[in-house]
Amino acid sequence: MKAIVIGSGGREHAMAWTLLQSPKVTAVVCIPGNGGTAKLPGCSNLAMSVDDVEGIARFALVQNIGLIAIGPEQPLADGVADGLRAEGLTVFGPNQAGAQLEASKAWAKTLMEEAGIPTAASAVFSNREAATQYVEEQGVPIVIKADGLAAGKGVTVAMTMAEAKDAIAAIFDGQFGAAGKQLVIEEFLTGQEASVMAVTDGLTIRPLMPAQDHKQVGEGDTGPNTGGMGAYAPTPVVPPALLDRIQSEVLEPALQGLRNRGIDYRGVIYAGLMITPEGEPKVIEFNCRFGDPETQVVLPLLETPLEEILLACCEQRLETLPPLAWKSGYAACVVMAAEGYPGKYPKGMVINGLDQTTAPEAMVFHAGTQLDRGQVKSTGGRILGVTGLGKGFGDAIANAYRAVKTIQFDHAYYRQDIGHRVRDQF
């Protein structure tokens, strides 16, 4: 079988790499892909826009593509899955109606409330004055979120009133474009965040291995939020008994809420959770796709062939699939970014030392890169995700950082404390 992966980030590189581990997958085409997928054996890039439904469909039909997996949230929110399915293609990823789960935090909040899913108390606002007045009444700390898609950067955890008002102003002043037409203000939850990605065919939903990521740019989980600076799996903060609760109290009600709206959802439901000090799971947000960089630690530990899972979701037979199998051990991913991210950052840096990193102890998933006349160059803020594997967290983290140190590019920045909560525990 030949497959297409739509997207250009580290998540998509990890998806393509994992698909190619299966003897049944003969080739993967990434649209548009990156510098890593360009050099991945069995993989090729196609320079085409992720929202070019007509072009992608024509290529897929001519090339007899058996599976299309859509990575990022934006094409899902734009209805790319709908357009490709209308051409008779097999597509993993929710339709436009289902993608509202991530594309509108207000819409998702309503679904959670109706489904009885535990989440933070919240209110939605479409003008600055009312939002500011609400924050003054509620006090701080408080969480301010742009309603729409903002590449993981539209959330501010305001510890002071000034931070809260600045966040409201930034959203309504257009910092996040159309994502800031309205905002959601939520109560501040305490605990540890965790990510539980689940796959669904619209009838059955199955969780993958739980992970934790480091969203903030600075050491000690400080500074502004990013798309993610690193991750590790499986996280001990979600033991099997708690995962069972998340399945029954979060994932199944979310799927039922979508079905109640007449939405046939085939793809990923990713629950971003706060595990409170009492061990209670509360949903911070839902995403409609695999996480990034969580995918870069979860998929390398997956034993079941990925294409079997994705096809079972597309063909609505997930219930008949055997229990998902996982490799023993742990994984940790360190994101190498450009200095200045998530603000302004330089591009076009030549990346050296990539060939010195060898699997199975470590692998490099490219995010913001391109292959330019034989050289890999940076194109984004998050440039590489370096994943280490090990029998324990200490080994996995050490293997990731050992590989990081073999890679050089100007203005490189990475956190040196990824996995600090678990480094010495397992």
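Data table
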quantity: Residue among GLY139, GLY79, GLY257 with the largest mean-square fluctuation in a Gaussian network model of the chain, springs linking Cα atoms under 10 Å; calculated: GLY139
quantity: Set of the stretch 151-169 residues, backbone N closer than 14 Å to the point 7 Å along the Cα-Cβ line of ALA121; calculated: none
quantity: Sequence-separation-based contact order of the stretch 121-186, relative, with Cα cut under 8 Å and 6+ spacing, percent; calculated: 46
quantity: Estimated inter-spin distance, GLN425 and ALA169, nm [label 7 Å along Cα→Cβ]; calculated: 4.0
quantity: Cubic angstrom per residue, convex hull over Cα atoms of the stretch 2-95; calculated: 80
quantity: Residues of type lysines that LYS215 reaches as a straight line, Cα spacing below 20 Å, ignoring anything fewer than 8 places off in the same chain; calculated: LYS105, LYS145, LYS153, LYS282, LYS344
quantity: The chain: relative contact order in percent, alpha carbon pairs under 8 Å with at least 6 residues between; calculated: 16
quantity: Equivalent ellipsoid, the stretch 136-226 (semi-axes from 5 times Cα gyration tensor eigenvalues, Å); calculated: 27, 17, 13
quantity: Calculated log₁₀ intensity ratio I(q)/I(0) where the Debye formula runs over C-alpha points of the stretch 192-320, q = 0.12, 0.13, 0.18, 0.20 Å⁻¹; calculated: -0.45, -0.53, -0.99, -1.19
quantity: Efficiency of FRET from Cβ geometry, LYS344 and GLU303, R₀ 51 Å, rounded to 0.05; calculated: 0.75
quantity: Residue-span extension gain [ARG373 to ARG245] - 0.36 nm each, minus C-alpha spacing; calculated: 41.0 nm
quantity: Relative contact order %, the stretch 330-413, counting alpha carbon pairs below 8 Å whose residues are six or more apart; calculated: 42
quantity: Alpha carbon Rg of the chain, scaled by the compact-globule rule 2.2 N^0.38 Å; calculated: 0.93
quantity: Stretch in the chain that is longest and holds no GluC sites (Glu not before Pro) that DSSP places in a loop and that have at most 16 other beta carbons within 10 Å; calculated: 88-218
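Where a number appears in this text, it was derived from the coordinates with a stated rule and is not lab data. All values reported here derive from a predicted model rather than from experimental measurement. For neighbour counting, all protein chains shown are included, and Cβ atoms are generated from backbone atoms with ideal geometry for every residue, glycine included.
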